[in-house]
Structures are given as C-alpha cells and as structure tokens.
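The values are calculated or read from the model by the stated rules, or taken from the named source; none is laboratory data. Nothing here was measured: the structure is a model prediction, and the numbers come from that model. Every residue, glycine among them, receives a Cβ derived from its backbone with ideal geometry; neighbour counts consider all protein chains shown.
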Number of protein chains: 2
Amino acid sequence: MPKIIPYHTLFAFCVSVFEKTGMSLSQAETASRVLLSADLRGVDSHGIARLGGYVRLWMAGRMNPAAEPELIHETPSTAVVDGHQGSGLITAPFAMEVAIHKAEKAGTGWVAVQNSSHFGIAGIHAMMALEKDMIGIAMTNASPLVAPTFSKSRMLGTNPIAMAIPAGKQPAFVADFATTTAANGKLEIMQRLKKPIPEGWVQTESGAASTDPHILKSGGAILPLGSDREHSSHKGFMLGSMVDILCGVLSGANYGKYVPPFPAYVPMPSFMPGKGIGHFLGAMRIDAFRTADEFKMEMDQWITDMRNAEPIDPDQKVIIPGDPERQMEAQRMESGIPIIPGVWNDLHELGEKLGVEKIPD
Amino acid sequence: MPKIIPYHTLFAFCVSVFEKTGMSLSQAETASRVLLSADLRGVDSHGIARLGGYVRLWMAGRMNPAAEPELIHETPSTAVVDGHQGSGLITAPFAMEVAIHKAEKAGTGWVAVQNSSHFGIAGIHAMMALEKDMIGIAMTNASPLVAPTFSKSRMLGTNPIAMAIPAGKQPAFVADFATTTAANGKLEIMQRLKKPIPEGWVQTESGAASTDPHILKSGGAILPLGSDREHSSHKGFMLGSMVDILCGVLSGANYGKYVPPFPAYVPMPSFMPGKGIGHFLGAMRIDAFRTADEFKMEMDQWITDMRNAEPIDPDQKVIIPGDPERQMEAQRMESGIPIIPGVWNDLHELGEKLGVEKIPD
C-alpha cells in the first residue's frame, strides 16, 4: 500500500535534499516545485521517484546542481542557454523565462538549451506561458531507448512535446506527451503490476514483437508513436527526430545515441559530440497574432465543441488535453500524494545518507 | 495504364488553366510549381489530380484565385496574412516569404494565415527556408474527417505538419506527414486497388473497427495517429488539435468542424466562426542559435548515424525523412509524371471547358 503524504511535506523534504547537493534555497525551491508538479499531475514516474536518481548523478560528478544557467547567444527572438551541467529542473524554467521575455518584445521567443539534464515533465515548463497570455512550448531529448522504424538500434529518447494554450472560461489546453506509443513510465507501471503489455509498445533486441514490460533490460527498444510501419510508426520516428534535432543539434547538446543516460550506474557514451542533454522552449504572445480576448473566446468554443463531440461510449466523452492532470493536481494538492513502498524506502535511505530529517508518515 | 507526361508539359497546362481563373502569369506559375511539386515528390493525391477541384471551387464562387494575400498584423517575429479567399498555393508561399524575412531580422518568423484554401503539400513550403540556412515549418488545417479518441464525430482534418532542416553534405531532413495513422490519399490508393485497408486506419459511423477504404462515404472517420487508445491515439488527437489551433484559432480562420470542405459540391458549414482555411508557417535562422556550418556538420552526423542504425531486415535500412520524395522527384523530373486515366479524363474535360489546349500525350 502506498503512503499518502501531503504535498507540503514532500516539498520541504525535496528542498532539504536539493540544498544538500549545493543548490541555493531559491534553486532548491524551484527544482522541488518542478519535480513535484509531476507527482501532483499524476505522472508519478517523473516526480519524487526520481529524486534519488538526481542525487546519484550529482554524487557521480555528472551533474552540478548549484550551477547557474547562462545565456550564451541571442537574437531578438532566440537565445541559447548553457546549463553548465546543472539540473534541468532549474535550467528549463530559466530558459522559459528568457523565451517569455523575448516574446514580450519580439512577439515570440525560442530558447535552445545545452548542457542540461532531465527537466521533469515538459508540460510544467510550457504552462509558464499561460499567465502571460502566451502559448508555451517545451521539448527535451533524452537517453536513447527508442528504435527508428526498420531498425533494432536504440537511437532516440522518448522525446516529449508539450504545448500549453490559454483559453477563457475553459481551462487551458495542455498537451504533454512522449513521441512514442508508450512512455517509459507506462512500462514501469506494468512491471509493478506484473502484467504483459500490449503488442506495439516495444520490440525485442532482434526487432521482434514483444509483450514483456522488462524488454529494455535485455536489449529491446520502445517503438515510435504508430507502433509499426502499417500504422505509421515512421511518423512517430519523424516527431522524435524533430525533437532531438531542435533540442540536441540546434542547441549544441548531445543528440541521438549520444545523449547521456539518467541512471548514474550506466556508463557515459564513449564519444559525445555536444554537451549534456538539450531542451527547446518557446513562447508565442497571443496578441502578436490577434487579441487575447478574441482568441480565448474562440478557444472556449473549440474546447466546448470537442467536449460535445458525440462519444462512442456515452460514459466516456472526449478528453481535453490537460483535463485529467488538472483534476489530479486539485485532488492530490487537497488529499496528498501516494508514495509506493519502493520509492518510500529510497527516499528514507536518501535522507539518512544526506542527513535530512526523514519524511513524517 | 497511366500516361507518362513530362513535367514541363503539365506545368504549361496548369499555368494556362490557372490563368483562366483570373490569376496573373506570375501567380499561375507559383501555383503550378507548388501544385506539381506534389506529383514530382510522389504525393499524387495532392497534385494535378486536384486541379479540377480548385477550378470547381472558383466556379462555385468559393475561391478567388486572383486575390492578393495581404499582411494585416505584425510584430518583429510574427505576422498574420489574410488570403482574401485566394488559393493556398499562392497564399502559403507569400506567407512563408514573410516568415523568412522576419527570421532574417528577428531570428525567427511565424506567420498565421486566415482566409486561405488548400495549399498543396506542406513540405514544399517548409523547404523554402532551406536555401536561407533556416529551419522551415508548415502546417495547415483541413476539412473535418478525423474523429477524436472516444468520439464518432469528425472534428479535425488530417492536419499535416512539415519541418525542413538543412544539412551539409547530406541532403536536407524533410518531414511532412498527416497527424493521422493514414492520410486520405492512402485510402484513395486502396479504393483504386479495391483492397481492404488495415484495421486502425478508420472507424465506422458508430465508431467500430473497419477495413473499408470507402468508409468515409458512409459517415465513418479517419483515426488519429496511434489508431486506438491502447496505442495512444490521444497523442495523434493532440497533434492534430495543436495544428488546428495554430492554423485556425490563432489566425482567425475556421477550425475543427467548421473548416470548409474541398469538394465544391459539399455544402459549406451553416456556421463559420472564422475565415476560410488556416495555415501556420515558420522559419528559424540556424545562426540565431549556432553557426550554420557547425549545425550542418552535426546534422550530417545525425543523418549518417540514422542511416547506419542496425536494420531488422538487412534489405530495409532506416529511411531518412525526405529521402524517398527527393529520389522520386529526381526520377519524375527526368522521365515524367504518371497520370492515371481518371485524372487524365478530368484534365481533358477541364481543358475543353476552359478553352485550354489539351495536354499532348
């Protein structure tokens, strides 16, 4: 049974842990807010479950959490940020601020980030644009687990895309998805449930169909969105490639098979053409196109039309992107975040090792 | 058996037809070049096969091919273009020129287009950025044929996304794909072959699985990329939605179920919140991020790595986006474009009706 822990209790613990890695209080608060937004929004694989992973990257000397991100190149609507091997949980919000600032002046702002690390969930960064009446965009590349159509080799990460679009009376449209049929977190859920996964999520080391959620451990790969050629997995491959090129090649980070792994025990690639992991963040001011009021009125109509689209099963209406996560956030902020025993024990050990007071349960 | 007609012969015919609809010579040449780029690149459904359709839209008073697109709003990195009910084949290149011009000054340029019509293949517009050492992006919305996950209703078009990215010694990366499992053109091919289509491409009017390539005629719908919920069709739905919102809502065009149909015999929607069809075009100057030389060298590495990824079947290597279309273009420019009998007859009737000299065969 998972323990249910209040958000603010977990937040205080995360802040203390991040401070032990050298972050300032302000950095630790940003990193904790970003990290825990995953837990609040129901993406448990990307939240506090990874806190130990971040700490181990720091202990292995692969991450410098106290690094200050730096703007190293800019034009009126673009910038490149060097994360200086810091945490993506800090680098990405910094870069998104730059994108928003550019958009205020030039209409849009686009920031490529090099030398960063995992940035939590993409959606939380894209959502920073909403309160400014801007559309926010966030992408990241990630260590290679995905095979291109026709290949056995792991050449791409699950490379997510997020887009947050403001509405009026309706809540914002927030899409946030891996460019694969199934995200790695979904495999982890099925591993814990000890259940087979549907065909079309992964393939074996030799490229054959598989329903084994553990297949990555024996050289298998995750499949691009579309699953197989007949169902257009080449489109998922193109999407994942676009994310990789914008985040990795355009920024000067690593790309494709060279992206450094998250687990600190996995050896680093022997050759790396760039620096760290890359992100790509964007902000577009609505009124650089039409008035925000007009736009929001039409977005309300767009969302309402989709809500009212005739369902196949009367009990399952169309889901507007962002709705499930927003509902989950409201519920978990109110009643707490479930922590499964494996993660609980990891957090307990982490606290002991770093001398941080344990989480009260 | 299709007739094989030289490119320049078809080009001359298209120019004459477009001039009869009121276009200037220069407009007619642009429209013909864009339209025939589809035939050259092997996307036969979007090329000269649609010439009659464009003319019928003009005859029905739904399109004004001679209209001059107009820039109606701008910031340093954005603009909105009103197509004045003209042809997308002209409006989109105009808007892409604006995007490129903005990018030259501001680093990036983003242009939303309202009051346009079908613009041919998205890729050809995105590719305009390549010679300027820019990344080009092109999207359009289209008349509703696609059902959201969980719905029976047609709420979105096949809403393609194209991205063209320059490389150095390697040819450019050019992705261009509908955000559905199968594009409408693929259904048409299977109709002509009188073959069933794979499950996961379409659904029936009641939302059930179907392998009937004619299913759209009886109220069925095309499925978003991913095909079903288990294989993440909600991600295809999110992608198609993002394209619809950027092209339709942000520009002031129509969106979702209100997008006007391409066939002139299909009644217009009784309510339309915007103007015509919408596009969204973008250009990002590479050296707004890093030097073009560095970027191209890394792109060559990226492409080479993908070419060398270990294939499952030794005879089928990974396909780099843009390779098949470029090879087809070289071949068809050399040896001619195949025109199937149905299209040939349509073109013959079109020429007679407009008093354009018939295509020599």
| remark: Residue count, the stretch B:306-322, condition in contact with a helix residue (DSSP H, G or I) (Cβ under 6 Å, 6 or more places away or on another chain) and at the interface with chain A (Cβ under 7 Å from one of its Cβ atoms), comes to 2
| query | Residues of the stretch A:65-74 being more than 14 Å from chain B (Cβ to nearest Cβ) and either of a type in the set (A, V, I, L, M) or surrounded by fewer than 18 Cβ atoms within 10 Å (Cβ to Cβ) (or both), which ones? | reply | A:Ala66, A:Ala67, A:Glu68, A:Glu70
| query | Taking only pairs six or more apart or across chains, which ones have beta-carbon atoms under 9 Å, a first residue in the stretch B:321-347 that is basic (Lys, Arg), and a second residue that is part of a helix (DSSP H, G or I)? | reply | B:Arg332/B:Tyr7; B:Arg332/B:Asp39; B:Arg332/B:Leu40
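Residues checked against (1) at pLDDT 95 or above; (2) surrounded by 15 or more Cβ atoms within 10 Å (Cβ to Cβ):
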| position | (1), (2) |
| --- | --- |
| B:Thr181 | yes, yes |
| B:Lys186 | no, yes |
| B:Arg192 | no, no |
| B:Pro196 | yes, no |
| B:Gly200 | yes, yes |
| B:Gly207 | yes, yes |
| B:Asp212 | yes, yes |
| B:Ile222 | yes, yes |
| query | Is at least one residue of the stretch B:50-62 closer than 18 Å to B:Cys247 by Cβ and not β-branched (Val, Ile, Thr)? | reply | no
| field | Scope the stretch B:233-275; condition within 11 Å of chain A (Cβ to nearest Cβ), among the hydroxyl-bearing types (Ser, Thr, Tyr), out of contact with any Cys (no Cβ under 9 Å at 6 or more places or on another chain) and in a loop (DSSP other than H, G, I, E, B); matching residues | value | B:Ser251
| field | Residue satisfying condition, being surrounded by 21 or more Cβ atoms within 10 Å (Cβ to Cβ), under 19 Å from the mean Cα position of the chain (by Cα), modelled with pLDDT of 95 or more and not assigned by TED's automatic domain parsing to the domain that holds A:Ser143, within set A:Val34, A:Val81, A:Val17 | value | A:Val34
| Identify, please: which residue in the stretch A:255-272 is at pLDDT 95 or above and touching a helix residue (DSSP H, G or I) at 6+ places or on another chain (Cβ under 6 Å) and is, among those, nearest to B:Trp110 (Cα to Cα)? | A:Tyr255
| task | Go through the stretch A:1-14 residue by residue and tally those that are in contact with a helix residue (DSSP H, G or I) (Cβ under 8 Å, 6 or more places away or on another chain) and modelled with pLDDT of 95 or more. | result | 7
| request: Go through the stretch B:20-29 and give me each residue that's surrounded by fewer than 22 Cβ atoms within 10 Å (Cβ to Cβ) and within 26 Å of B:Pro2 (Cα to Cα). | output: B:Glu29
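For the stretch A:265-274, indicate whether the set of residues that are β-branched (Val, Ile, Thr) and buried (at least 16 other Cβ atoms within 10 Å of the Cβ) is non-empty. First the steps, then the outcome.
Within the stretch A:265-274, the first condition is being β-branched (Val, Ile, Thr), and the residues that meet it are A:266.
Right, trim to buried (at least 16 other Cβ atoms within 10 Å of the Cβ) and you get none.
No - not one qualifying residue is present in the stretch A:265-274.
Suppose we keep only residues that are part of a strand (DSSP E or B) and aliphatic (A, V, I, L, M) within the stretch B:75-111. Which one would you say is nearest to the other protein chains (Cβ to nearest Cβ)?
Only one residue tops the list, namely B:Val80.
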| query | Looking at B:Pro338, is it surrounded by 13 or more Cβ atoms within 10 Å (Cβ to Cβ) and more than 9 Å from chain A (Cβ to nearest Cβ)? | reply | yes
| Any residue in the stretch B:59-73 that is touching a residue at least 60 places away in the same chain (Cβ under 8 Å) and either basic (Lys, Arg) or closer than 22 Å to B:Arg326 by Cβ (or both)? | yes
| query | Within the group B:Gly47, B:Gly52, B:Gly22, which residue is without any contact (Cβ under 8 Å) to a residue 60 or more places away in the chain and over 30 Å from A:Ser77 (Cα atoms)? | reply | B:Gly22
| said: If I ask for residues that are more than 7 Å from every other protein chain (Cβ to nearest Cβ), in contact with a Phe, Trp or Tyr (Cβ under 9 Å, 6 or more places away or on another chain) and closer than 25 Å to A:Met242 by Cβ, which ones from the stretch A:279-305 would you list? | reply: A:His279, A:Phe280, A:Leu281, A:Gly282, A:Ala283, A:Ile286
